[in-house]
Amino acid sequence: MPITLSRYGALILLGALSVVLFAPFRQGYLAPCLLAAVLLLLPRHNAAQAGRGIYLWALSAYCANFYWIYHSLHDIAGLPAVFAIPLVALLPAWLALFPAAALYFTYRLSWRNPYWQWLLAFPSLWTFFDWMRGWLLTGFSWGGLGYSQIPNWPLAGLAPLFGIYAVTWAVVASAGALVLLWQH
């Protein structure tokens, strides 16, 4: 099943809606539902198309969540808009590669077992690539799904014990469980 124009629109909308997960809205309980909805819009057996689809979602999400960087560069630092706009666009384009890589490799390594795919491979690969996003080229770890749970959602309790990446893993595994429930 190829991704249709309406699915692309839905992916962009869901990416933009991700702003409600973080401050000041703090509706982090929606994070697994939002990610599960994204995954259900993607093709089930085409790694390249699924990777492109989640890239589009992540690009929209990072653009929506990091709009303030333009104000920092242009209004506060005084960078002309002609330079600030491309820089602000390049950051989400770079960051969106990480979720896309996580899903692409999930599809490639899943061995057609949906439980393995959504409850172990995808959360682990997402968390690994989220960690890589925080380290490569000096890193940019802001906007990780684990942060959507801080300070007051149940999965936040994992943070003091195992760190923010354990919270990220739990959010993505919860989304995977929702995908399994919907598909079976």
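Somewhere in the stretch 96-112, is a residue open to solvent by 90 Å² or more (accessible area, probe 1.4 Å), in a loop (DSSP other than H, G, I, E, B) and farther than 26 Å from residue 24 by Cα? Yes; the residues of the stretch 96-112 include at least one that is open to solvent by 90 Å² or more (accessible area, probe 1.4 Å), in a loop (DSSP other than H, G, I, E, B) and farther than 26 Å from residue 24 by Cα. The set of residues in the stretch 135-158 that are on the phi < 0 side of the Ramachandran plot, assigned to a helix (DSSP H, G or I) and either in contact with a strand residue (DSSP E or B) (Cβ under 6 Å, 6 or more places away or on another chain) or surrounded by fewer than 19 Cβ atoms within 10 Å (Cβ to Cβ) (or both) comprises 136, 154, 156, 157.
Taken as a whole, the structure leaves residue 124 outside the set of residues that are on the phi < 0 side of the Ramachandran plot, open to solvent by 10 Å² or more (accessible area, probe 1.4 Å), in contact with a Pro (Cβ under 7 Å, 6 or more places away or on another chain) and among the polar types (S, T, N, Q). The set of residues from the stretch 25-49 being more than 13 Å from residue 149 (Cα to Cα) and not hydrophobic (A, V, I, L, M, F, W, C) comprises 43, 44, 45, 46, 49. Among the candidates 84, 10, 48, the residue that is farther than 27 Å from residue 154 by Cβ, of a type in the set (Gly, Ala, Ser) and without any contact (Cβ under 8 Å) to a residue 24 or more places away in the chain is uniquely 84.
A single entry from 180, 161 fulfils the requirement of being open to solvent by 30 Å² or more (accessible area, probe 1.4 Å) and farther than 23 Å from residue 96 by Cα: 161. Residues of the stretch 73-112 that are more than 27 Å from residue 54 (Cβ to Cβ) and not hydrophobic (A, V, I, L, M, F, W, C): 74, 75, 78, 80.
The values are calculated or read from the model by the stated rules, or taken from the named source; none is laboratory data. Predicted model, so just to flag it, every value in this text is computed and none were measured. Here the Cβ is made from the backbone with ideal geometry for all residues, glycine too, and neighbour counts use every protein chain on show. Surface areas here come from the heavy atoms of the whole protein model, side chains and all, with no ligands, DNA or RNA. Shrake-Rupley method; radii C 1.70, N 1.55, O 1.52, S 1.80 Å.
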